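Below is one structure; the comments refer to it alone.
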Amino acid sequence: MTDVRRRTRTAGLLSGSFLSVLFAQTCFGFSFSSFLLFPKFLTTELAANAAQIGQVATVNRLSTMVGLLLSGVMVDRFGRRPFLAGGAALMTLASLSFFWVDHLGPLVFILRGFQGLAFGMAFAAGSALIVDLSPPEKLAQAIGYFGLTMLSTNALAPLSVEAIAQANGWRWAFMMAAGGAAVCLVASFFLKDPFRKSVDTSSARSLLQVALEPKQRRSAVVISLVGAAFATLFVLHQPFAIELGIENLSLFFIAYTAAAIGVRIGMGPFVDRIGRSRVAVGSLLIYATVVTLTIHLESVGLFGIGFFLGLAHGFFYPSFNALVVEGASEHDRGKVMAVFQAWFTAGGALGTWALGALAHSSGYPQVFAVAGLATFSALFILCLSPEGRTAFRLRASSL
């Protein structure tokens, strides 16, 4: 048993090192979440249509996938901290550079591409650190807390961005985003990297070997479909709402964040006890339903859609992620976490590109009907998989 595993078995979850990683990731999350309203900037300031918004989002997600896969390999060889620092530095520079954007051109795509790479680096490093520092029996709870570093800023950052953009212009909002990443960069230099000191990487497997495991292939299909639906809803609900005459878009993010944080703080400790498979299957049913209901955004409202999406995502992502990563060795954790998020991101890239074009040609209701069908398909596949079937066996045995 390695020193890392021995320490995490005996130590509590919320150690000083664990909390330090959460702080650094929260700062990065503020910068990242500041760009959740970027589709509004594209629509209102650069006169972009749905197809163009989808193209920009696709570039961002494809570059995120590249950053995740490359960093997933590298953090298992060279340690976690350098890639968290590198991602924060790149995010700082890219966010500052939006100060000079005044039209929809190549610079927008390049900068969003750099931000995608930055997110991939920071996520791969941060998630691997979190798994390193968490007791195995609290893995889903730890991943849930890691998700809080993004969720906690999903409401605050868009709300701040919308207020600053209205009062002083978007350039100041972008500078504020750069500030969050800069704080993460400074904080990263004070983090401990237990993996780098205690794990021999000579027996580490390649990224391809990890990705081609049967379990990883099954999870790839499910999380890609969910990623397509999630990204489509997150990106395209904004121009849809503007088309319907809704202007205060931050309400969606407030509701989403409140629900997701409530789930992860209030219910996080119970996910591992209830059963990761049970929680993943049940929450994915809610997920598919709310994505489909976005067809009726005008009736359901931004708050309702955001709240139930936050509820579903708050339960589903950490429980399914824990199902996928459980049992992985210290040598492969970074790769497993990176591959998982890469497939989620790849689904999002394809979804925003294809469904953005569909929205431009056929309208938004058709888009959310397709996204809902994709999510129900993911639920069906999960229920047929060994990981999903466990949920029904557990239920039956408890009767």
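The values are calculated or read from the model by the stated rules, or taken from the named source; none is laboratory data. Note that the structure is predicted; figures quoted are calculated from it, not measured. Note: ideal-geometry Cβ built from the backbone for every residue, glycine included; neighbour counts use all protein chains shown.
Below are the figures for this structure:
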item	result
Test: residue in segment 297-313 that is modelled with pLDDT of 80 or more, surrounded by 16 or more Cβ atoms within 10 Å (Cβ to Cβ) and either within 23 Å of residue 59 (Cβ to Cβ) or hydroxyl-bearing (Ser, Thr, Tyr) (or both)	no
Qualifying residue in segment 9-16 (condition: at pLDDT 85 or above, crowded, with 17+ Cβ neighbours inside 10 Å and either within 23 Å of residue 211 (Cβ to Cβ) or hydrophobic (A, V, I, L, M, F, W, C) (or both))	no
Of all residues in segment 55-107 being of a type in the set (Phe, Trp, Tyr) and more than 24 Å from residue 40 (Cβ to Cβ), the one that is farthest from the chain's Cα centre (by Cα)	78
Near pairs, Cβ below 9 angstrom, 6+ apart or cross-chain, from segment 69-94 (within 18 Å of residue 20 (Cα to Cα) and free of Cβ contacts under 8 Å to residues at least 60 places away in the same chain) to any residue that is outside any helix (DSSP H, G or I) and charged (D, E, K, R)	82/193
Test for residue 26: is it at pLDDT below 85, assigned to a helix (DSSP H, G or I) and touching a helix residue (DSSP H, G or I) at 6+ places or on another chain (Cβ under 8 Å)	no
Matching entry among 231, 241, 312, 258 (being more than 20 Å from the chain's Cα centre (by Cα), under 25 Å from residue 345 (Cβ atoms) and among the small types (Gly, Ala, Ser))	241
Filtered residues of segment 126-144 (kept if of a type in the set (A, V, I, L, M) and either at positive phi or more than 14 Å from the chain's Cα centre (by Cα) (or both))	128, 129, 130, 131, 133, 139, 140, 142
Selection count, segment 66-91, where residues are surrounded by 24 or more Cβ atoms within 10 Å (Cβ to Cβ) and either modelled with pLDDT of 85 or more or in a helix (DSSP H, G or I) (or both)	11
Residue within segment 151-171 that is among the polar types (S, T, N, Q), in a helix (DSSP H, G or I) and modelled with pLDDT of 95 or more present	no
Segment 220-252: number of residues that are of a type in the set (Ser, Thr, Tyr) and more than 20 Å from residue 62 (Cβ to Cβ)	1
Helices (runs of 4 or more DSSP H) wholly inside segment 241-312 containing at least 2 residues that are of a type in the set (A, V, I, L, M, F, W, C), within 30 Å of residue 164 (Cα to Cα) and in contact (Cβ under 8 Å) with a residue 24 or more places away in the chain	250-266
Any hit, segment 188-211, residues being under 15 Å from residue 26 (Cα atoms), in a helix (DSSP H, G or I) and either at pLDDT 75 or above or of a type outside the set (Phe, Trp, Tyr) (or both)	yes
Subset of segment 226-251 that is aliphatic (A, V, I, L, M) and farther than 22 Å from residue 51 by Cβ - its residue that is modelled with the highest pLDDT	226
